[in-house]
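Here is the structure we will look at.
The values are calculated or read from the model by the stated rules, or taken from the named source; none is laboratory data. Note that the structure is predicted; figures quoted are calculated from it, not measured. Note: ideal-geometry Cβ built from the backbone for every residue, glycine included; neighbour counts use all protein chains shown. Please note that ligands, DNA and RNA were not included when accessible areas were found on the heavy atoms of the full protein model with its side chains. Shrake-Rupley method; radii C 1.70, N 1.55, O 1.52, S 1.80 Å.
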Amino acid sequence: MATIQGLYTHHIEQLQQRVAKLLAREGLDALIIHSGYPLRTFLDDQHYPFKTNPHFKHWLPLTEHPHCWLVINGVDKPKLIYHQPSDYWHKTADDPAGFWLDSFDIEIMKNPQDIEPFLPAQRQRCAYIGEHPELAEALAIGERNPESVLSFLHYYRAYKTDYEIDSIQEANHRAVKAHLVAKELFFAGASEFDINLAYLSCLGKSEYSLPYANIIAMNENAAILHYTALSAKKLAEKQHHSMLIDAGAECRGYAADITRTYPYRKGLFAELIDEMDKLQLALVAELKPGLRYTDVHLKAHRQLAKVLVDFEFVTCSASAAVETGITRYFFPHGLGHHLGLQVHDMGGFMQDDSGEVQAAPEHHPFLRCTRILEPSQVLTIEPGLYFIASLLAELAESDHSRLINWPRIDEMRRFGGIRIEDNVLVSEQAPINLTREQNWK
């Protein structure tokens with residue numbers, strides 16, 4: 001069985017090969033990758049939570065280290081300029097340590113303003129990758145976030161190394177444990193806020209260290225796709241109807257992104273969740289090399305239309321529900337996205353490493369991926385069925401209103417909606433569900 005050290009060493013070798021190819025193509029000497037630095041809030045001496053440049057943490061699992069730099073030429077051992085200040089106001093970085101250590105030549109920098117001597121003397125044929133191009137310009141780095149370089153890097157980010165897959169797998173393991181805690185508290189009658197605290201406690205993390213803000217939405221709040229208000233109000237038992245939890249975790253800078261929906265009681269909504277679970281698993285089983293992700297998304301709408309017919313939400317045929325656009329009122333977002341260093345990982349629209357893209361279909365503008373599926377890609381599959389007041393109001397004003405069983409719809413409004421999301425690895429054989437392999441439905 002491969003060790004994390006072995007997986008990581010191979011990961012660095014693959015990244016080095018990519019960079020060597022990129023630099024040769026672009027006529028560059030090196031990439032200079034900046035971890036970034038915290039940004040101050042307006043008219044204050046406090047900072048926003050720091051988020052590491054994903055291109056930096058692609059190389060090593062330093063996610064809380066501002067003012068660090070990498071210099072990479074694809075041939076020599078990468079150079080890490082490690083910021084370790086002397087500071088009595090804040091906790092400072094520990095000495096470099098970990099399985100990644102031997103893959104870098106490391107130099108310690110005490111003051112961020114002292115960076116210039118650590119960088120190559122000739123920087124005109126180098127490309128800066130980072131959030132602060134004005135700093136790169138001041139340092140006379142010749143290229144700042146050149147589009148052709150970013151296109152190449154983003155395209156290949158979709159192909160995960162074994163180290164990256166192991167990291168996403170472990171992130172799923174952590175997230176599943178916290179999800180189970182949240183589920184138990186929901187049925188115990190806890191508030192959204194208290195469920196979130198328990199989730200964080202299970203991970204042993206603050207909310208700022210999560211890959212995204214947790215969505216813990218009870219009842220009608222589940223109809224707000226990115227609901228993060230987290231009410232502290234504890235509901236009476238008769239007011240408990242549903243909970244949608246979309247929450248993740250990180251491992252070595254890689255994200256898990258998982259969603260489940262729970263009914264508080266048996267009944268029509270519980271049956272609807274079971275049906276959506278079957279639909280989601282069927283879509284996961286579809287993932288195979290050579291298939292365009294857009295086609296999976298469109299199939300999700302055809303399958304959802306059948307659910308709308310079977311549960312008597314519409315009075316038309318399933319094909320008519322798709323052709324008229326009725327399904328889009330109930331499922332307005334995309335089926336999923338690439339997952340990795342970012343929750344919505346880069347490169348979802350890219351068709352090659354030169355920057356050619358394929359946009360989302362006209363009637364499905366929120367789809368985040370149009371690529372051909374290939375082995376080693378990791379994506380989310382997250383079909384939804386929602387009862388969103390604003391969209392239902394539009395539907396009621398449309399020519400399709402007569403095709404809707406409105407009394408049946410009104411029964412469902414208090415539940416908000418359903419989303420079920422897993423993280424899936426595409427392989428040459430059957431797809432690998434990184435979420436459900438954790439012995440969890």
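How much net charge surrounds Asp257 when only other residues with a Cβ under 15 Å from its Cβ are counted (Lys, Arg +1; Asp, Glu -1)?
-2
Note on the range 289-441: dipole from Cβ charges, positive end direction compared against Phe415, Pro431, Thr370; the farthest Cα belongs to Phe415. Round to the nearest 10 and give me the degree value, 0 to 90, for the angle of helix 192-203's Cα axis relative to the longest principal axis of the chain. The helix 192-203 is inclined about 40 degrees to the chain. Which percent of the accessible area of the chain is formed by carbon and sulfur heavy atoms (probe 1.4 angstrom)? After summing per-atom areas, the C and S share lands at 51 percent. The range 1-17 and the range 242-319 have Cα centres separated by 35 Å. The residues of the chain have, on average, 45 Å² of accessible surface per residue, using a 1.4 Å probe with all protein chains present. Remark: for residue pairs Lys205/Lys234; Lys238/Lys266; Lys160/Lys288, the C-alpha separation exceeds 18 Å in Lys205/Lys234. Each other residue within a Cβ distance under 9 Å of Ala2 adds +1 if Lys or Arg and -1 if Asp or Glu, for a net charge of -2.
Based on DSSP H segments of at least four residues, each scored -39500 (n - 2.57), the chain has a per-residue ellipticity at 222 nm of -10000 deg cm²/dmol. Helix 293-310 and the long axis of the chain differ in direction by around 20°, with both axes built from C-alpha atoms. At 20 °C and a viscosity of 1.002 mPa s, what translational diffusion coefficient does Stokes-Einstein give for the range 124-244, taking Rh as the Kirkwood radius over Cα pairs? Give it in µm²/s as a whole number. Once the numbers are plugged in, D ends up at 120 µm²/s. The order of Asp95, Asp274, Asp87 by accessible area, most exposed first and with a 1.4 Å probe, is Asp95, Asp274, Asp87. For the range 376-441, averaging the sequence separation of C-alpha pairs within contact (under 8 Å, six or more residues apart) and dividing by the residue count gives a relative contact order of 46 percent. Rounded to the nearest 20 Debye, what is the dipole magnitude of the chain about its Cα centre when Lys and Arg each give +1 and Asp and Glu each give -1 at the C-beta? The dipole magnitude comes to about 860 debye.
When N is the residue count of the range 9-155, what does its C-alpha Rg come to as a fraction of 2.2 N^0.38 Å?
So the Cα radius of gyration is 1.04 times the expected 2.2 N^0.38 Å.
Once the C-beta distance of Glu394 and Arg25 is scaled by a Förster radius of 45 Å, the resulting FRET efficiency is 0.40 to the nearest 0.05. Between 0 and 90 degrees, the angle of helix 268-286 with respect to the longest Cα principal axis of the chain falls at about 50 degrees.
Taken along the Cα-to-beta-carbon direction at a fixed 7 Å, the label points for Arg414 and Glu428 span 5.4 nm.
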